[in-house]
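Each reported figure results from applying straightforward, stated rules to the coordinates on display, with no laboratory input. From a predicted model like this one, the values you see are computed outputs, not experimental measurements. So basically every Cβ, Gly included, is an ideal-geometry build from the backbone, and we count neighbours across all protein chains shown.
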Amino acid sequence: MKHKFFIALFAIVALATSQVNAQKFGYISLDYILNQLPEAKQVETELKTTQTQYENLLQAKVKDFQTKLADYEKNAATMNEVIRADREKELQGLQSQIEEFRQSSATSLQKKQAQLLQPLLKKIEDNMHAVAKENAYLWVFNYDAGQGTSPIVLHAPDDANISDLVLKKMGVTPKPATPAAPAPAATTAAPKK
């Protein structure tokens, strides 16, 4: 009886192993692909322009605060209580406005980045699906996913990297000497299916 159980167990394991071995696994480096797309460079330029505008406005607010703070510190001793309290309240309000602007501009920049990247991520995703279907890949992983902790793909053969195939499908000639496991240049969101 035990002998039949082990034979049945061995047969199940052998069948499962043959099924897994028949499947093709691949991976892409989303960051590598994005770094080679001309459209991504336009997105980066637009984001830098917006960020510069936010930084300039923030610097103007900080400069205004510093000017008013210096004037307050210089004249505080000669101000009556009502004027001093009014200036302190004004300075506190300016500080709050600066902090609110910092937070809202950072949030706005992240939203803009997501909005601008979404069409590119969709384009990459569509082309990745086409390449996977054309080359019989049943599973494709994003090499860059989890870079904050550890990547999802810890080891894979070089021919499992289909990033260049996806770029070619998109009409972009990949740069020479594609590393098997490229280091990401920027953190981006993985496309969702």
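Near residue 161, the amide H atoms lying under 5 Å from its own belong to 27; only residues 5 or more places off or on other chains count, and H is placed 1.01 Å from N. Dipole magnitude for the stretch 24-169: computed about the Cα centre from +1 point charges on Lys and Arg Cβ and -1 point charges on Asp and Glu Cβ, it is near 220 debye.
Under the simplified labelling scheme, the residue 52-residue 110 pair shows an inter-label distance of 2.5 nm, with each label point 7 Å from Cα along Cα→Cβ.
Label-to-label distance for residue 63 and residue 101 is 1.1 nm, based on points extended 7 Å past Cα in the beta-carbon direction. Karplus-based coupling profile of the stretch 71-76, in residue order and whole Hz: 5, 4, 5, 5, 10, 4, with θ = phi - 60° in 6.51 cos²θ - 1.76 cosθ + 1.60 and x standing for Gly or Pro.
The HN-Hα couplings worked out from phi for the stretch 81-86 by the Karplus form 6.51 cos²θ - 1.76 cosθ + 1.60 (θ = phi - 60°) are 4, 5, 5, 4, 5, 5 Hz, whole numbers, x standing for Gly and Pro. The 3J(HN,Hα) values that the Karplus relation (6.51, -1.76, 1.60; θ = phi - 60°) gives for the stretch 51-66 are, in residue order, 4, 4, 4, 4, 5, 5, 5, 4, 4, 5, 5, 5, 5, 4, 4, 5 Hz. Gly and Pro appear as x. Residues whose amide H lies under 5 Å from that of residue 145, counting only those 5 or more places away or on a different chain, are 152; hydrogens are built 1.01 Å from N in the peptide plane. Pop out the Kirkwood hydrodynamic radius of the stretch 24-169 from its pairwise C-alpha distances, inverse of mean 1/r, in Å to one decimal. Kirkwood hydrodynamic radius for the stretch 24-169: 19.4 Å. Taking amide H positions as modeled 1.01 Å from N, with prolines and chain starts lacking one, no residue 5 or more places away or on another chain lies under 5 Å from residue 79.
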